[in-house]
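Rule-based calculations on the coordinates, nothing more; no lab input. Remember, predicted model here, so these are calculated numbers, not experimental data. Quick reminder, even Gly has a Cβ in these numbers, built from the backbone with ideal geometry, and neighbours come from all protein chains shown.
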Amino acid sequence: MTRVRGVLVAALAAQLGFGLGARAANTLDELLEQTRTARQRESELNAGREKEFQTHRDQQARLLAEAVAQRNAAEARSQQLSAQYDANEKQIGEQSALLKAREGNLGELFGVTRQVAGDTATVLEQSLISAEFPEREEFLRKLAGAKSLPSITELERLWFEMQREMTETGRVARVKLPVVEPGGSPEQAEVVRTGPFIAVSGGRYLSYLPGQKSLAVLARQPSELTGLAADLEEAQNGHVRAVVDPSRGVLLALYTERPGFLERIEQGQFVGYVILLVGFIGALAAAYQFVYLLRTRAAVLRQLRQLDRPTSDNPLGRVLLAWKGEGNRIEEEAEVAELRISEAVLREVPQLERFQAFLRLAVAAGPLLGLIGTVIGMIITFQAITESGSSDPKLMAAGIGQAMIATVLGLGIAIPLLFVNAGLVTLSKSLVQILDEQSTGLLAESIEKARGA
């Protein structure tokens, strides 16, 4: 019986959780006491939990009430704003209709003002005069994009800017302005401006940079026109020749892009250099022979006046000396005299006709070399068209330029050398004619002496 009671007490203790650090009960009284203590603890824990739950429940209820209140307030605000928006839209419509009705002709004036301001701003954007008055473009752009009627002050300024542009167009002004140098640094300089057409400084032509609203020195200057720019700067009054670009700088910029003489030659590439080499050699040879023939002609004419005193410094003198023979003795046989005279004349002819064969060759080779350059240029042109798949003139310009330059260079050396060679042939033939005449006279004299003997 005692054992059964002990087992029962242990089981109850295990069910009540007395294993949580509690001492095991050995008797029913101890078990009863522990049970009472455990129940009291559980009651305290449950009360704390219930109190905590009630606290959280009240807090959640309060948050819910606040959220509901905020939602209701937002809905009320939304309805109020929606009603106010509808009322504003209605009022805007009424005011717009009233404004349109009251504008009358002012609406048309507003449209014309905006259009004129926009067109004027476009013109002034590229004008050289804007370098002196850079703020006017911004005003005109703002007026062209305005959404409201312009004021009287704005209308007056629009008229003033248009009138100032017209006035400055017909005036030559000398002003101090910042000028952007080729290196990119702006420097203050004196600028002479001829209306909106041209501007010069330091003997150099200027262009207008709309983005920077300042003048800049052209990267390439037209060398043949810089003298006119210097004259314009030095002029104080009166009239002076000057360059005027009616396109306001566009034509001058295109003119400066034109390649110079050396650049033209470079476009011909190696064929052009060969043509120039042939022409240079031909010109050098022609100049040398021309000087030689002039000196020889002068010596021959001098010898004609002194036939009785022949000298060896000219062809005629050498022919006379050859006719007289060794020891200054006149030959007695006509056949020997004829042979000696013919030999002397033939000895002089190569020097008189020197370089003529080469010049004829250069005249014939110049156009042929130019034709080779033309063919090469056309090959380059067709290759560019094939690679790009389009006939853009900019892509074909290089090949066509090479073809034309080679042709021009070939004709350029052939035509002058043709005339030069003709002049040399004329001079040499005149000298040979003199030698033939004198040699024939000498032969006739020799025959007459032989017959007299």
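Here is how the numbers come out for the structure above:
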{"quantity": "Anchor Lys176: aspartates and glutamates whose Cα lies under 15 Å away (excluding residues fewer than 8 positions away in-chain)", "calculated": "Glu132, Glu187, Glu190, Glu233"}
{"quantity": "Added length on full extension, which subtracts the Cα-Cα distance from 0.36 nm per residue, Glu187 to Arg114", "calculated": "22.6 nm"}
{"quantity": "Aspartates and glutamates with Cα under 15 Å of Lys429, excluding same-chain neighbours fewer than 8 positions away", "calculated": "Glu348, Glu353, Glu437"}
{"quantity": "Contact order relative to length of region 142-258, as percent, for alpha carbon pairs under 8 angstrom and 6 or more apart", "calculated": "18 percent"}
{"quantity": "Pairwise Cα inverse-distance average, inverted: Kirkwood Rh of region 107-169 (Å)", "calculated": "11.7 Å"}
{"quantity": "Contact order normalised by residue count of region 107-169, Cα under 8 Å, 6+ apart, percent", "calculated": "40 percent"}
{"quantity": "Modelled FRET efficiency - R0 60 Å, Thr386 with Arg347, Cβ distances, 0.05 increments", "calculated": "0.45"}
